[in-house]
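For reference, the structure discussed in these notes is given below.
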Amino acid sequence: MNAVDASEHFDRPSHSTEQSPSLLTIILDTNPAAWSLLSSSLPLSSAVANLLVFINAHLAANYTNKVAVIASHCDKAQWLYPSPTEQKLPRSTVDRHHTKRHSQAGDQLRDTDLSDSAKRLKLNGPSSDTTSIKLNVKPPSSSIHSGSKYRPFRLVEEELLHNLTALLSSTAPDAITSSTSTMIAGALTLALSYINRESILLSESLIGTSLNTGNADGPAPSTSEGATQTLQSRILLISASPSTDLAHQYIPIMNAIFACQRLSIPIDILQLPLPHSPSPSQSSSGGPSSSNSTVFLQQAADATQGIFIPAHLSHPKSASTNAQATASQALLTYLLTSFLPSPSTRTAHLILPTRIDVDFRAACFCHRNVVSVGFVCSICLSIFCEPPERGECLTCGTVLAVSDGVGRRPVVAGGRKKIKKGQGPK
């Protein structure tokens, strides 16, 4: 009879109909040199604004969804959301501190602006185009003074903008000019640590809930029903820096990739091309001298069953409003259409794009070059583009027996000469 009056759904357990929570960890490349080159087509302020829209869409899809944002900077990896100070406090203290601070901030927003994060920011450093970035992330005045904004959206926006502004304003000029790459290995490590902690907290909360439910209403739910409430974690890396400069981080990056592969955590890559550089598809087929090669990023997405998409943005010679609006809309389209679905939704309902041109080359440990053919240490599996001096491995120090013929070009023996007619043996 319950099926007749459509009331059978009231008899189902609530945990069987709930969707599994999804944790989205975003790694944002905040390299000042790269964003300075992209300022004419895609300013950092537009990218951050579109990223906030994407985060809001992820949080709105399910009330149990979570998000974390990590900045991969030129000299360090730092948390943008949640705030770095909150990582060291107990959860109860964090909740009280978080609520008190944001209640005070909400009172101040009625009279003043968002704080320094809502003002125009210019990085410290020499007056050159590669080290100066203007970050205008000022929200509309109507959204500040009105309390109509959804509270979780507002908390994420305030934390992210405040920490991003503090990070960029504290960047020294020497850090910008000394390195052209970012600390992606450190950002991946922070992301894996946070995912592990959130997974443990979720499993503990589910065990406590199932025990309380079993003691009050009867037997605990079955293992198959409880297994659906696992945390679906994924990592989204928005990269703008040339990945060929990441060769010195090859070992920690590959360790993080293998850890994600073992834990079934997909790594999604959105590669933003720099102006006056070849496209990612062209650079992957070229030599190691490409300035915007995506060798390691392609390997990360392929090994972890993630999505790798090289964005196609127009790069005008001079900054124009139409070009920036087009690039901003293109970025938001990439984020919402390709990276919004959760891993379970992708597996059940979507056909993921496949790539057949993945570059599986490795980086040598001696000169940090991407090589197709190299020499591998039999002890620690280090890769070298040429035999090391005295046959000693630069990583583990093992003296290897290198034969004299190593490194020589192969010699092909000539075939037997054909005997012409009339010149045979008599």
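The values are calculated or read from the model by the stated rules, or taken from the named source; none is laboratory data. Note that the coordinates shown come from a computational prediction; the quantities given were computed from them, not determined experimentally. Quick reminder, even Gly has a Cβ in these numbers, built from the backbone with ideal geometry, and neighbours come from all protein chains shown.
Take the conditions (1) within 19 Å of residue 306 (Cβ to Cβ); (2) at pLDDT 90 or above; (3) under 14 Å from the mean Cα position of the chain (by Cα); residue 232 misses just one of them, which is (3).
Out of all the residues in the stretch 321-351, which are part of a loop (DSSP other than H, G, I, E, B) and without any contact (Cβ under 8 Å) to a residue 60 or more places away in the chain? Write out each step before concluding.
Taking the stretch 321-351 and keeping what is part of a loop (DSSP other than H, G, I, E, B), we get 339-342, 350-351.
Within the stretch 321-351, 341, 350, 351 qualify.
Scanning the stretch 187-209 for residues that are surrounded by fewer than 17 Cβ atoms within 10 Å (Cβ to Cβ) and modelled with pLDDT under 90 yields 203, 204, 205, 207, 208, 209.
Exactly one residue out of 346, 355 is under 21 Å from the mean Cα position of the chain (by Cα) and modelled with pLDDT under 80: that is 355. Scanning the stretch 287-310 for residues that are part of a loop (DSSP other than H, G, I, E, B) and either more than 27 Å from residue 345 (Cβ to Cβ) or modelled with pLDDT of 90 or more (or both) yields a count of 11.
Looking across the stretch 168-186, the residues that are modelled with pLDDT of 85 or more, part of a loop (DSSP other than H, G, I, E, B) and buried (at least 19 other Cβ atoms within 10 Å of the Cβ) come down to 171, 182, 183.
Pick out the one residue from 340, 336, 313, 350 that is crowded, with 18+ Cβ neighbours inside 10 Å, out of contact with any Lys or Arg (no Cβ under 9 Å at 6 or more places or on another chain) and in the same structural domain as residue 49 (by TED's automatic domain parsing). Outline the logic, then answer.
Details: 340 fails: crowded, with 18+ Cβ neighbours inside 10 Å; 336 fails: crowded, with 18+ Cβ neighbours inside 10 Å; 350 fails: crowded, with 18+ Cβ neighbours inside 10 Å.
None of the other options fit; the residue is 313.
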